[in-house]
Each structure stands twice: as C-alpha cells, then as structure tokens.
1. Please calculate how many Å² of accessible area segment 225-275 carries per residue, with a 1.4 Å probe and no DNA, RNA or ligand atoms counted.
2. At q = 0.18 Å⁻¹, work out log10 I(q)/I(0) for segment 530-678 with the Debye formula, treating every Cα as an identical point scatterer and leaving solvent out; two decimals please.
3. Which percentage, to the nearest 5, of the DSSP beta bridges contained in the chain is antiparallel?
4. Treating cross-link reach as a plain straight distance, find the aspartates and glutamates whose alpha-carbon is under 17 Å from the alpha-carbon of residue 490, omitting any fewer than eight places away in the same chain.
5. So which GluC sites (Glu not before Pro) in segment 331-406 are both in a DSSP loop and have at most 11 other Cβ atoms within 10 Å of their Cβ?
6. How much accessible area per residue does segment 329-454 have, counting only protein heavy atoms and a probe of 1.4 Å, in square angstrom?
7. Before I look further, what does segment 530-678 give for accessible area per residue, probe 1.4 Å, in whole square angstrom?
8. Ignoring ligands, DNA and RNA, what percent of the 1.4 Å accessible area of the chain is carbon and sulfur?
Amino acid sequence: LTAMGDPSMDPSISSPDSTAQQESLFSMMDVFLISLITGLFTYWFFFRKKKEEVPDLPKMQSVAAPARDSSFIEKMKKTGRNIVVFYGSQTGTAEEFANRLSKDAHRYGLRGMAADPEEYDLSDLSRLSEIDKSLAVFCMATYGEGDPTDNAQDFYDWLQEADADLSGLRFAVFGLGNKTYEHFNAMGKYVDKRLEELGAQRIFELGLGDDDGNLEEDFITWREQFWPAVCEHFGVEATGEESSIRQYELVVHTDVNMNKVYTGEMGRLKSYENQKPPFDAKNPFLAQVTENRKLNEGGERHLMHLELDISNSKIRYESGDHVAVYPANDSSLVNQIGEILGTDLDTVMSLNNLDEESNKKHPFPCPTSYRTALTYYLDITNPPRTNVLYELAQYATDAGEQERLRKMASSAAEGKALYLSWVVEARRNILAILQDMPSLRPPIDHLCELLPRLQARYYSIASSSKVHPNSIHICAVTVEYETKTGRMNKGVATNWLKNKVPDQNGSSSLVPMYVRKSQFRLPFKPSTPVIMIGPGTGIAPFIGFIQERAWLKQQGKEVGETVLYYGCRREHEDYLYREELARFQKEGVLTQLNVAFSRDQAEKVYVQHLLKKNKENVWKLIDEGMAHIYVCGDARNMARDVQNTFYEIVSEFGNMSQPQAVDYVKKLMTKGRYSLDVWS
C-alpha cells in the first residue's frame, strides 16, 4: 500500500533525474522478485495440500447430491412410477405400511414408491397430475398430543401455510393413532381435510387405525377396500400376481475389511468409536451409566433409577424432555434364531435394494453380520405383522403349516380371528413361530429383510439440568410376563437397562442415547402454582420439576405452590423416591405430598380419589392461583379417570354444566395449563 502512495510509481510525475529513475526501477524490480518468490511458495504450499485432500472430494459430493434431488415428480417420471406413498412415522409402523402399499401396486399394473416427506419438496404435489394414473397416498401417524411425527413436521407446516391449487391431485389417507389419547388420529384427519380444502380429489375414505385395538387389522380392512376403489377409479384390474417379490438382494462378503463393517451404529460407520456432536436419532451419544439402583423395597417387579453421564457431549435438556435409548436384543434369542435356521450368525453380508433409484439402499446399515442385524437393528420380540407371515409361508414344507400362515395373512374373517388369537394375544414373536412351526425354515436373509427395525425407547427424564447439567436420570420398571403359551417374554429395553452396571472401563455400561424435546414444561413464571399427577413411574418428570423448583428457590426466586399426587401399590413395597420427596417437603419446596396406596387397604385408592378428597383446594389453585396441571403415566385408565375427575371438580365449584366443564378443561389444554405426558 505504501508503494502505491510513492510518487515514483505515479506515471503522471516525471523527473529528469536519472538516478531517481534507477532507484524507481530498482524498487520495482525488488517488488517483482519478492512477489514472484512469495507467489511460487504460496502456490507450492497450497498445491501440496490439495494433493493430500483430493481423495476426500468425492465423499463430499456424494453427501451433497441428495439435496439437489428433492423432486419426487422427476424421480417418479424417471423410474416409471405413478403411485407415491408418503409416511409420517415415529416408530417405523407407518413406514412399514407405506412400503406394503407401494409393493401392492404391481398387482394392478401400477408402480409405487414409498417416500419420506422430509426428503422431498411437497409443493410438487400440484404437479403430480403430469403423470398418468397418478395417486398420492399418505400413511400418517399422530404423535404425542395430536402432533405430527418428526419427519412430517415440515409437511404439516407447509399444509398450514400453503395456498396451492391441488385440483389435479388424487389422494387417500390412512391414519395411525391410539384411542386412549385425547387427539385420536389428529394428523391423519388434518391431512385428509386440508388436502380436500386445497382442491385435491379424495378417491377413497380416510382410514383410522387404532393401536389400542388391532392396528394391523384396521390397516388390512382399509387396504382391502382401498385397492378396488383405485381399480375402479383408474379402470384397471388386478393382475392376480400374489407372488412374493424380494425388495433386496443378498451379497455375502467373504473377504471384507472389518473396519468397513457396521457393528451396531445407527448412522455413520465407526460413530461409536469417534463421537462427534450434534447427537440425534441418527447419531446417538454413548453415555456411561454411573448409577443403577433398585427403587422398590419389595414385590415381584424391578423398578430402577439410572443415571447417564452426558459430560462433554454438548447435549442440553430441560425438565420434561424425553431421553431416547437404543437397546439391544437378548443374545440368547438371537442365538436361538441362528440355531433354528442353521446359520453362521457371524457371516458378513449386505442386503442391497434391487431398485437402484431408491433412496433407501439397505433395510439397515450394511455391510454387517447377521448377529449384529438381529441384535441391534431388527425387532425380534414383537409379534410379526401379517405381511411377514404371508411372505414366510412359501418356506413352510408342511402343507398344513403353510395353509395356516396364508390364512392368518388373509383378509378373511376366519384368518383375522386366527391371527389375533394365535399371534397377537398369544404374543408369539418370530422365534416362537419358528419353534411352533417345525417345517418353517426361511432363508435368514429374507427374514432379515421382512422384520421391522428395532426402535429407540423413550423415557421421561427424571432430573433437572439446572441441578444435573452433566447427567440424565431415568426411572423405569422392567417388563416381564408369561404368555398364553407358557413362554416368558421380557421387555427389550428395560431388561437391557437393568443389566447396565456402572463400570469405569469396558462397554457393558454404555447406552446409545439422544434427547427429544417436549412441550411438557414448567410455567414460565416460578410463582405459578403447579399440580402434578404421576402414579408409578409417571413420577419421573416431576422429580425433575421439583428439583428445578428447589433450585429456583435457592436462587431467591418466589416459587408458587408445588403440589404432587403420587400413587403406588403399597407404602413399604414400591413407594418410589420416598426419601427425596420427604426431603423436598421438609425444605418447603413440595408444599403438598398426596400419596395413594392402591393395595394397602380393602378398597383400592388411586390418585383421582385423592383429587376428589381435596377438590376445594384443587379448584382454588386452578381458579384463583391460575395453576398449571401436569399428568404423567398410563393413558388408558389413569389419565382418563383423572381428566373426568377434573370435569367433576370444575362443574361443582365453577357452577358449570358437564359440557361447560369439559369445554373449560379443553381450554386449559389449549392455553398450555393442562399438559399430558402419557403412554399406553
């Protein structure tokens, strides 16, 4: 910069002094040489670095590629598809149904594809009419309190804001819900209603599946009426092809670099050895179990408190959030499947999608071993769905067993009843079916293709990040029961967690986990009273809430009344967190502790009975104190009974009719003053 300000560099200034010209020339030569040397050195330095980095470039390009391919219309045109089945799925069931519908299409001379709405631009729905005999089907699960699933959130937002003309779109919706929840099938109903509002043509009625009843039967019943409606609309007929069509082909790796083989990771290869934030469903954090203690003093059940160390993970959570953990199947079940099918479980293989255009290249991370797939990736403990039985039937060498499998997979009333009693109610998993059908010996690779993915399990966090910023606490009960066939079935995650013993070394105490945000939140103002109702392990989030209110009090904040209604079977058997709750009450943080012991007397006493007993105080907190109400635990009975009790209290003390009281409570929910964290 100083050279530019030097008069000797300015051509408008001339000097007869030759010495000055030589000096100017010399300084220019210096600058030129220095620049040349610097330039050569810089070029050499960066050229050398680039040569080292070249091998990484193709990886970067391949990762970025899918973002450009966001048009499902172009993909359908390119691959000759005319039916697209979108799924909003939290636990994998809606995705499974979508895959089944897309496979069905070939029987009618149509071609289908299942699609994750998160991967595509859904505004392209207005262009679907460009494809002949086109149809969009939506398998939409409802999550939580009437919310869309994580992968359907963007689609839901678009539908709310869209002003698109979908008059050329033909559609059908199947919703997956649970009647024990307040907002049954809210997402399915909304998508169905909103698409019609935007001008789309419904070609078959909305299907409403109920997971509290028999979701599989609901789906089959809807599906068997859906396809005839499609045939009638498009003027096509069933081809009669009921044959099994493989979606994946098996490749066995005899000479493979074991560093390229998946050993249980959910996404990136070696992600458990080389952990990198941010941590989520596809990149879980391996947390060390630092505490695992039994909470109950007696009884047959095992209730436990676990603490997961999240130091250095950059994971943040708030009271009321959920922790998701990825469990592993019991090794004895895995070994028994291997023995029955006569398979070397340590064979390394890949299942590659026969549809090269599919975004889903493998049903689970590949290459991997059969042992890893059956341990970490596949659900081997739940009763298999009818489509699995149908596909497996061909491998039964006994005619009677084959007929039985086909019957259970059929839509006939007799077949549905047999499936319900022999599979669902008897809780027969795939191992039990193989044991009870000696002639059924399918190839293990086809079985792995058919079984659904093993899903993460969610637990309400039982701690406050204000008090425990580096650890997440879990409160859980181990699931164990005898089936109608005399087998002992165990819950996958709870029994796996039970065996996670704190260990400074080794991997025996590591838990793959991530945090899922929740709407279950303490009031913004600490002075607002809270009424918490959580029997059994439903107490979990309230331990976090009370810890946080205690911390706020220590900070000098004015903390409102903190009221807990807790219930268990017997005082000296399964009274969870008894000492902690007594301490919080003594410190004045927990202003009311109401405990119902259901089996300590002749007549059973539950939390709703205690609410009725204290009804005047409850109404005062709601009406005058503007209290927030929180309910956590069983959705099927407890949450409903508690809600009915609030209707009674509001009706009596608010001088309202029953419908007015119901409306009042519903308004509390809308305003965020009545929150639920329930499961069925």
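1. Working: 3190 Å² over 51 residues.
Dividing the accessible area of segment 225-275 by its residue count gives 62 Å².
2. Taken in order of the listed q values, log10 I(q)/I(0) reads -1.09.
3. 50
4. Counting by Cα, and skipping residues close in sequence, residue 490 has these aspartates and glutamates nearby: 300, 330, 379, 425, 480, 482.
5. On the way: sites: 339, 356, 357, 391, 401, 403; in loops: 356, 357.
Here the GluC sites (Glu not before Pro) that fit, given the DSSP loop and packing criteria, are 356.
6. 38
7. Counting only protein heavy atoms, the per-residue value for segment 530-678 is 45 Å².
8. Accessible surface attributable to carbon and sulfur in the chain totals 50 percent.
The values are calculated or read from the model by the stated rules, or taken from the named source; none is laboratory data. If you're wondering where the values come from, they're calculated on a predicted model, not measured in any experiment. Positions of Cβ are generated from backbone atoms using ideal geometry, with glycine treated the same way; all protein chains shown enter the neighbour counts. Surface accessibility is based on the protein's heavy atoms, side chains included, excluding ligands, DNA and RNA. Shrake-Rupley method; radii C 1.70, N 1.55, O 1.52, S 1.80 Å.
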